[in-house]
Amino acid sequence: MPPKPVKSAEQIAAIRDLARILSDLLAWSLALVKPGVRTIALDSAIERRMRELGVHGPCKGYRGFPSVSCISVNDQVTHGIPDNTLLAPGDIVDIDLVIEKNGFFADMSRTIPVGKASEDTLRLIRVTEECLAYGIAAAKNGAHLGDIGQAVQRHAEKNGYAVVRDYCGHFIGLAMHEDPLVPNIGKKGKGLRLEPGMILCIEPMINEKGYAVTTHGWDARTSDGSLSSRCEHMVLITPEGNEVLTRFP
Ligand code: MF3
Ligand code: CO
C-alpha cells in the first residue's frame with residue numbers, strides 16, 4: 001500500500017500561505033485579460049510578477065512545457081501554451097497557474113470571458129464554477145473520491161454539458177501533481193476515503209457539447225470544436241469537513 005498523502009501541520013501552514021499568494025497572483029493575472037492582448041504577453045507579465053513575489057513557476061520546463069502559465073482559449077481544454085493568439089471580445093480564457101516556494105506547491109485556475117460574451121458562453125462558465133462548488137462540498141472528511149466526481153458530473157450533465165474524462169484533478173503539496181488522481185466523474189462511495197490533512201486540487205473541465213478531447217503534444221482541444229471551461233481550487237480536508245485554500249476574489 002502506498003503511503004497516504006496526509007500533510008503535517010507545518011506543511012499545511014506553508015501550503016496555505018502559498019495558496020493565498022497564488023489567489024492574489026491569479027486575480028492580478030486575470031485583470032490583464034482584455035481584447036487585443038496576446039496570451040504570450042500575459043505569460044511574460046505573470047513570469048515577472050512571480051519573480052517579484054519570490055516564487056517559482058514550475059510548469060516552465062516540466063516535461064518540456066515552455067511557460068510559467070497554461071492559458072487555454074475557447075475550445076482549448078487545458079495546458080494551452082501561451083503564444084501569439086490575440087484575445088478577442090467574446091472569447092473565453094482559462095489561466096492556470098502553479099507556483100512553488102521552498103519545496104511547496106500551489107495550483108489554481110479560472111476561466112473568464114474576454115469583453116462581452118454571449119449568454120450561452122457565460123452560462124457555461126457559471127455552471128463550471130457551480131460544478132467546482134458541488135465538488136468541494138462533497139470533499140469532506142470521511143467522504144470518498146468518487147463522491148467528488150459524482151457531484152461534478154451530476155451538475156454538469158443536468159445542465160446539458162459534458163465532463164472531460166482525459167484530464168483530472170490531483171493531490172498536491174510537496175509536488176505539483178501527487179497521486180491519486182481526482183476524476184470529475186465517479187460514483188458515490190467509491191475510491192479513496194478522504195482524511196484530515198489531505199490536500200487536493202479539484203478542477204472540473206466542462207465542454208459545451210461532447211466530452212471527447214483531441215490532443216497533439218500539449219495542445220488539447222474539444223474534438224467537436226465546442227467551448228470548454230475549467231476552474232480549479234485547492235481543498236484541505238479537515239476534521240470538520242474542508243477548508244478551501246485558494247479563493248476567487
Ligand atoms: N495546473 C496544471 C494541471 O494541474 C499544470 C499543468 S503542468 C504544465 O494540470 F506543465 F502543463 F503546465
Ligand atoms: Co491542477
Looking at T214 and the list (1) more than 16 Å from ligand 2 (Cβ to nearest atom); (2) assigned to a loop (DSSP other than H, G, I, E, B); (3) of a type in the set (V, I, T), which single condition is not satisfied? (2)
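For the range 66-96, which residues satisfy the criterion of being surrounded by fewer than 16 Cβ atoms within 10 Å (Cβ to Cβ) and out of contact with any helix residue (DSSP H, G or I) (no Cβ under 8 Å at 6 or more places or on another chain)?
First, pick out the residues of the range 66-96 that are surrounded by fewer than 16 Cβ atoms within 10 Å (Cβ to Cβ): 66, 83-84, 86, 88-90.
Listed by number, the residues that qualify are P66, L86, A88, P89.
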Looking at (1) of a type in the set (G, A, S); (2) buried (at least 17 other Cβ atoms within 10 Å of the Cβ); (3) within 16 Å of ligand 1 (Cβ to nearest atom), can you tell me which one A175 breaks? (2)
For the range 135-149, check the following and say yes or no: at least one residue is within 16 Å of ligand 1 (Cβ to nearest atom), surrounded by fewer than 24 Cβ atoms within 10 Å (Cβ to Cβ) and more than 20 Å from D107 (Cα to Cα). no
What pairs come up if the first residue lies in the range 162-191 and is under 12 Å from E232 (Cβ atoms), the second is within 12 Å of ligand 1 (Cβ to nearest atom) and small (G, A, S), and their beta carbons are under 9 Å apart, counting only those six or more places apart or on different chains? Y167/A220; I172/A106; V182/G169; N184/G169
Please list, ordered by first then second residue, the pairs with beta carbon atoms under 9 Å, 6 or more apart or interchain, first in the range 224-239 and among the acidic types (D, E), second part of a loop (DSSP other than H, G, I, E, B) and within 15 Å of ligand 2 (Cβ to nearest atom). E232/E203; E232/P204; E232/T246
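What residue, of G191, G197, is of a type outside the set (D, E), more than 16 Å from ligand 2 (Cβ to nearest atom), under 22 Å from E10 (Cβ atoms) and surrounded by 15 or more Cβ atoms within 10 Å (Cβ to Cβ)? Give the steps one after another, and end with the answer.
On the way: G191 fails: under 22 Å from E10 (Cβ atoms).
None of the others qualify; the one that does is G197.
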Kindly check whether there is at least one residue in the range 34-46 that is within 23 Å of T214 (Cα to Cα) and touching a residue at least 60 places away in the same chain (Cβ under 8 Å). no
Taking the range 178-187 and the residues there that are assigned to a loop (DSSP other than H, G, I, E, B) and open to solvent by 40 Å² or more (accessible area, probe 1.4 Å), the one that is farthest from V68 (Cα to Cα) would be K187
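Any residue at all in the range 107-116 that is within 16 Å of ligand 1 (Cβ to nearest atom), open to solvent by 40 Å² or more (accessible area, probe 1.4 Å), in contact (Cβ under 8 Å) with a residue 12 or more places away in the chain and not in a loop (DSSP other than H, G, I, E, B)?
Taking the range 107-116 and keeping what is within 16 Å of ligand 1 (Cβ to nearest atom), we get 107-111.
Now narrow it down to the ones that are open to solvent by 40 Å² or more (accessible area, probe 1.4 Å): 110.
Cutting the leftovers down to in contact (Cβ under 8 Å) with a residue 12 or more places away in the chain gives us 110.
Next cut, not in a loop (DSSP other than H, G, I, E, B) only: 110.
Within the range 107-116, one or more residues are within 16 Å of ligand 1 (Cβ to nearest atom), open to solvent by 40 Å² or more (accessible area, probe 1.4 Å), in contact (Cβ under 8 Å) with a residue 12 or more places away in the chain and not in a loop (DSSP other than H, G, I, E, B).
The values are calculated or read from the model by the stated rules, or taken from the named source; none is laboratory data. Quantities reported herein were computed from a predicted structural model and do not represent experimental measurements. All Cβ positions, glycine included, derive from the backbone under ideal geometry; neighbour counts span all protein chains shown. Note: areas computed on protein heavy atoms with side chains; ligands, DNA, RNA excluded. Shrake-Rupley method; radii C 1.70, N 1.55, O 1.52, S 1.80 Å.
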